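Student: Just passing along the structure, written as structure tokens.
The values are calculated or read from the model by the stated rules, or taken from the named source; none is laboratory data. Quantities reported herein were computed from a predicted structural model and do not represent experimental measurements. No Cβ is skipped: glycine too gets one built from the backbone with ideal geometry, and neighbour counts run over all protein chains shown. For accessibility, only protein heavy atoms count, side chains too; no ligands or nucleic acids. Shrake-Rupley method; radii C 1.70, N 1.55, O 1.52, S 1.80 Å.
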Amino acid sequence: MGSYPTIIDRWWLVTFAGFILVLLFFISHNHSGYNVSELRNLTVPKPASTRDTMPDMMFPMSSNYIDNKEPTKSSDLFAKLELQSCMPSNFSYTEKPATYSSQVPFSDLQNSEPSDFSENVKPVVLSQVPSLNLQNSRTSIFIARKIKPATSSSQDPLSGLKNRKPSKIDDDEKPNTVEKKIGRCNIFDGKWVYDPEESPLYDSAMCPFLSDRASCQRNGRPDKEYERWRWEANECKIPRFDAKDLLERLRGKRVVIVGDSINFGQWESLACLLYSVIPDKSHVDARNRVFTAKLREHYSYPSYDLIVESRWAEFLVEVIVNKTSGKKILKLDSLSSTAWQWKGADIMVFNTGHWWMNRQRWDSFLYKQKLHTDMKLERAFKLAMRTWARWIEKNVDTSKTTVFFRGMSPSHSGRSKCYRATQPIKDESFKLKFSESLIKGIVERTIQGMRTPVKYLNITKLTEYRKDAHSSIYWMRKKFRPSSDCSHWCLPGVPDTWNNLLYATMVFDSSRGISNS
């Protein structure tokens, strides 16, 4: 019986130990279940701004997951997540582009390459997780299988990334239909439509300053049908020329039209289009080729303060004339001596081409202080256009100045001679001469290779149909008609269409909608 107390003591000890074990097991089991049930329906409020969003709960990461990144302390910065069951990171993924950028709600990630980031983002597919190719990153242990994207378009979860490339529109995502229609509109692709109700835009009698070469009616041309054709684009409606609207757009500006006598014809056309609506508030200096919309003289009159100039530079590059022999040398690596007059203009319109196609217009080329008498036209013109392009890139401030280059206006000599022509060419198989096509191609390739944006007025194709609108034999007043001029144009006429397309380019540019291809 002496051992009875010892047995009692041991029984209480065993009972107490068992009770402790049961209690620990119950507490441990109840605590684990609480976590699982809560995590399955966890909802965290959305942040007020997505710029500083860092959804750390998406991937439980260690402090060195991304170098130099301090963990977010406030729960208010978490994105709205809906977590479901978790699994280890033994997975594979497919190479598919992300459909929406909001599928990866990271922002302000350090030590990441923005350009690589946008190209390596993959969509979350079922239990798959994309590899983001972040520097110094490790594979995550857990994933959130379902992430609700932000409903507001302004909440861009990638907004914190600097210098990232803009994402491409997915094939399944349809852009704005209006912008799509305008953005693809090539106003230089179309047809001539006979429209006596809308054409011409003015009467030549309203512009007494027109030169003889452009004044076909004054010089005795009997028909007016050539004035009544309007260019119509295939893909969109070209806005009708509105002189008053253009005056508003050009208020306080200086426009310089640079080139040969064909560009002078475009200046005459533009001056007449503007002068015809404000004859009492504008002035044309035909001798110096300057149109001026006067300053305000009375408070009831608008103050346009506009100047439109025509500057002569038939080759665009410098022309050296030998005073003894009279021979002309084209200095291919030096721009025209009048270039200083172009600087500071708000709008520049260039052209060249006609003088290059006539071999009698020059005798030799000077390039890098070497005289060349047998250099081919193609190489010489390329060097000249390269010199022009370098001057534009060096001297033009794109925040102030818009540069246009008007395509070459084809002549209609030879088989397509303009004499007695009264109707446009309707044969679409009509092709440019080789030299004209060569000049056109070099101009286009030069513009495409420039860093400074240049707007190309691609009027060559539409102009080649209009052999009926040349000055022809009506380019001067004489009883005995001279030979036909099949290079220059009557006014009103084709140059008005060039200026209408120049105006349309300005209108469409304000809504980002023009193409010249």
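Student: How about the stretch 324-355: which trypsin sites (Lys or Arg not before Pro) there lie in a loop by DSSP and see at most 15 other Cβ atoms within 10 Å?
Tutor: Lys327, Lys343
Student: May I pose another question? What does the accessible area of Thr497 come to, in Å² to the nearest 10, when a probe of 1.4 Å is used?
Tutor: 20 Å²
Student: Along Cα→Cβ, 7 Å out, is where each label goes; now give me the distance between the ones at Ile20 and Asp333 in nm to one decimal.
Tutor: Between Ile20 and Asp333, the label points sit 9.7 nm apart.
Student: At 0.36 nm per residue, and after removing the present C-alpha to C-alpha distance, how many nm does the segment from Arg451 to His372 gain when stretched out fully?
Tutor: 25.5 nm
Student: Now, a different point. Provide the per-residue ³J(HN,Hα) series for the stretch 375-389, in order, calculated from phi with Karplus coefficients 6.51, -1.76, 1.60 and θ = phi - 60°, each as a whole number of Hz, with x at glycine and proline positions.
Tutor: 5, 5, 4, 4, 5, 4, 5, 4, 5, 5, 5, 5, 5, 4, 4
Student: Then there is this: For the pair Phe209 and Arg240, how long in nm is the line joining their label points, each one 7 Å along Cα→Cβ?
Tutor: 2.6 nm
Student: Grab the Cα-Cα distance for Gln360 and Val321, subtract it from 0.36 nm times how many residues apart they are, and report the gain in nm with one decimal.
Tutor: My answer for the length gained is 12.7 nm.
Student: Search the structure for amide H atoms under 5 Å from the amide H of Arg311, placed 1.01 Å from N in the peptide plane, and list their residues when 5 or more places away or on another chain.
Tutor: Here the answer is Ile257, Val258, Gly259, since their amide H atoms fall under 5 Å of that of Arg311.
Student: Further, regarding this structure: How would Leu273, Leu366, Leu24 rank on accessible area, largest to smallest, probe 1.4 Å?
Tutor: Leu24, Leu366, Leu273
Student: Oh, and also: Here are some pairs, Lys224/Lys417; Lys368/Lys394; Lys323/Lys376; which of them have Cα atoms lying more than 23 Å apart in this structure?
Tutor: Lys323/Lys376
Student: Between Asn186 and Glu248, what's the calculated FRET efficiency when r is the beta-carbon distance and R0 is 25 Å? Round to 0.05.
Tutor: It comes to 0.40.
Student: Continuing with the same structure: Only loop residues by DSSP count here, and only those with at most 16 other Cβ atoms within 10 Å; note down the GluC sites (Glu not before Pro) in the stretch 403-495 that meet that.
Tutor: Glu428
Student: Leaving ligands and nucleic acids out of the surface, order Leu462, Leu377, Leu371 by accessible area at 1.4 Å, largest first.
Tutor: Leu371, Leu377, Leu462
Student: Another question about this same structure. Which of the listed residues, Leu332, Trp267, Leu250, is farthest toward the dipole's positive end in the stretch 245-381, when Lys, Arg count +1 and Asp, Glu count -1 at the beta-carbon?
Tutor: Leu332
Student: Take the residue pairs Lys191/Lys478; Lys433/Lys461; Lys244/Lys294; Lys382/Lys433; Lys281/Lys343; Lys237/Lys440 and return only those whose Cα atoms are more than 23 Å apart.
Tutor: Listed pairs above 23 Å: Lys191/Lys478; Lys281/Lys343; Lys237/Lys440.
Student: What does the charge add up to near Ser437, with Lys and Arg as +1, Asp and Glu as -1, over the other residues with Cβ less than 14 Å from its Cβ?
Tutor: +1
Student: Run through the stretch 248-289 and list the trypsin sites (Lys or Arg not before Pro) located in a DSSP loop whose Cβ has at most 16 other Cβ atoms within 10 Å.
Tutor: Passing sites in the stretch 248-289 are Arg251, Arg287.
Student: Sort Asp333, Asp195, Asp427 from largest to smallest accessible area, using a 1.4 Å probe on the heavy atoms of the protein chains.
Tutor: The most accessible residue leads, giving Asp427, Asp333, Asp195.
Student: Please give the per residue accessible area of the stretch 372-517, computed with a probe of 1.4 Å over protein heavy atoms only, in Å².
Tutor: In whole numbers, the stretch 372-517 has 48 Å² accessible per residue.
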